[in-house]
Amino acid sequence: MAIWYKKYVIDKLDKAKGSVDEKFREAFPRRVINKIKIFLYKVFAVIVVIFAAYIYGTFNPNPITVDKIRKEEDKRMVEMAKQFGLHEPEFKYDGPKTFVQAMNQCIDYINWTLPLDQRIPRDILVAMAIVESDYGKSRFAVEGNALFGVRTWNLDTVPHMKPAAIPNARFGVKKYVSKCQSVEDVIDIINRHPAYEPFRSVRNKNRYEPNITQMVFGLSAWSTNEEYPQIILQKIEQLTNK
C-alpha cells in the first residue's frame, strides 16, 4: 500500500511539474526567453564594466582630474599663505654655507605664494645665484642686491648699475630693494619670457618628478656661454654631494 501511494504521489508531482512547464512555455515563448536572457547578460556586462571602472579608477585616477584637484589645492595653499601674512625672510650670510641657507629660505618663502606649476627647483636657482654672484660677493650683489645679473635697457625708469668695465654701456644690471626680490624677479622672468619656453615645457611634462638636467638645458638662453648648462649642473652636483 505504501509503495503504491508513493508512486501515486510521484506521478501527480510529475504531472504538475509538466503542467507548470507547459504553462510557462505558453506564457513565455522561446524567443521571449531568449530576449530575457540577452537582457540579463547585458545587465551583467554593464555591472562588470562599472565595477572594473571603479576598481581601475581607485588605483589609477584620471590624470586630468588629479591635475585639476592639485591646482585647486595649490590655489588654496597660496591663499592661506597670503592670509597668514608671511614676511620676506632676512637674507643674511657670511660665507658660502650661510648664502645657500639664505637662498633656500628665500625660495621657500616665494614658493608659498606660487602655484606648483610656476615653481622652479631650488637647486637650479641656488646654483645660478652662486655662479652669477660668486656666493653673493660680486659688486652687483653687494651694492645692488642683484644675484643673477639681470640686464635692463630701460635706463630711464629702472634702477640699475653699469658694469665697472663698461661705464658707457647701453644696458645696466637691475638693482633691487632686497636680494630675495632679485630671486623673485628671476622666477618671474623664467615663467614668462619666450626664451625659456623649453624650460617650461620640460617642467610641465615632469611636474611632479622634475628632470633637473633637461630643465637646466632649457635655460641655455640665460648666458652667452655655450657651456652654461654644464656649469650649472656641475654646481648642483657639488652642492648635492656636500
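Filter segment 116-146 for residues that are among the polar types (S, T, N, Q) and part of a helix (DSSP H, G or I) and give the result.
Gln118, Ser133
What number of residues in segment 140-175 are surrounded by 14 or more Cβ atoms within 10 Å (Cβ to Cβ), farther than 20 Å from Asn225 by Cβ and among the hydrophobic types (A, V, I, L, M, F, W, C)?
Here the count works out to 1.
Test Gly85 against the criterion of being in a loop (DSSP other than H, G, I, E, B), at pLDDT 95 or above and over 28 Å from Val202 (Cα atoms), and give yes or no.
no
Are there any pairs, at least 6 apart or on different chains, whose C-beta atoms fall under 8 Å, with the first in segment 96-110 and closer than 17 Å to Glu132 by Cα and without any contact (Cβ under 8 Å) to a residue 24 or more places away in the chain and the second buried (at least 16 other Cβ atoms within 10 Å of the Cβ) and of a type in the set (A, V, I, L, M, F, W, C), and if so, which?
Asn104/Val126
Please go through segment 196-229 and give me each residue that is loosely packed, with under 13 Cβ neighbours inside 10 Å and over 23 Å from the mean Cα position of the chain (by Cα), ordered by number.
Hits for segment 196-229 are Thr224, Asn225, Glu226, Glu227.
Being at pLDDT below 95, open to solvent by less than 80 Å² (accessible area, probe 1.4 Å) and over 13 Å from Met128 (Cα atoms): is that true of Asn191 here?
no
So, in segment 121-139, how many residues would count as being in contact (Cβ under 8 Å) with a residue 24 or more places away in the chain and more than 19 Å from Gln238 (Cα to Cα)? So that I can check it myself, show each step before the final result.
Filtering segment 121-139 for residues in contact (Cβ under 8 Å) with a residue 24 or more places away in the chain gives 121, 123-131, 135-136, 139.
The next check asks that each one be more than 19 Å from Gln238 (Cα to Cα); those that pass are 139.
Residues that pass the stated criteria total 1.
Got a number for residues in segment 148-160 being over 33 Å from the mean Cα position of the chain (by Cα) and more than 18 Å from Lys137 (Cα to Cα)?
7
If I filter segment 125-135 for residues that are touching a helix residue (DSSP H, G or I) at 6+ places or on another chain (Cβ under 8 Å), of a type in the set (S, T, N, Q) and open to solvent by 10 Å² or more (accessible area, probe 1.4 Å), do I get at least one hit?
no
Among the numbered conditions (1) out of contact with any Asp or Glu (no Cβ under 9 Å at 6 or more places or on another chain); (2) open to solvent by 20 Å² or more (accessible area, probe 1.4 Å), tell me where Leu239 comes up short.
Unmet condition: (1).
State all residues of segment 161-205 that are outside any strand (DSSP E or B), more than 18 Å from Gly136 (Cα to Cα) and of a type in the set (Gly, Ala, Ser); if no residue qualifies, say none.
Ala165, Ala169, Ala195, Ser201
Within segment 95-108, does at least one residue satisfy the condition of being modelled with pLDDT of 90 or more, closer than 24 Å to Asn211 by Cα, touching a Gly at 6+ places or on another chain (Cβ under 9 Å) and buried (at least 18 other Cβ atoms within 10 Å of the Cβ)?
Yes: segment 95-108 contains one or more residues that are modelled with pLDDT of 90 or more, closer than 24 Å to Asn211 by Cα, touching a Gly at 6+ places or on another chain (Cβ under 9 Å) and buried (at least 18 other Cβ atoms within 10 Å of the Cβ).
Can you list residue pairs whose Cβ atoms sit under 9 Å apart, with the first residue in segment 204-232 being touching a residue at least 40 places away in the same chain (Cβ under 8 Å) and the second being assigned to a loop (DSSP other than H, G, I, E, B) and open to solvent by 40 Å² or more (accessible area, probe 1.4 Å)? Count only pairs 6 or more apart in sequence or on different chains.
Pairs found: Met215/Asn206; Ile231/Asn225.
The values are calculated or read from the model by the stated rules, or taken from the named source; none is laboratory data. Model, not experiment: these values are computed from the prediction. All Cβ positions, glycine included, derive from the backbone under ideal geometry; neighbour counts span all protein chains shown. Note: areas computed on protein heavy atoms with side chains; ligands, DNA, RNA excluded. Shrake-Rupley method; radii C 1.70, N 1.55, O 1.52, S 1.80 Å.
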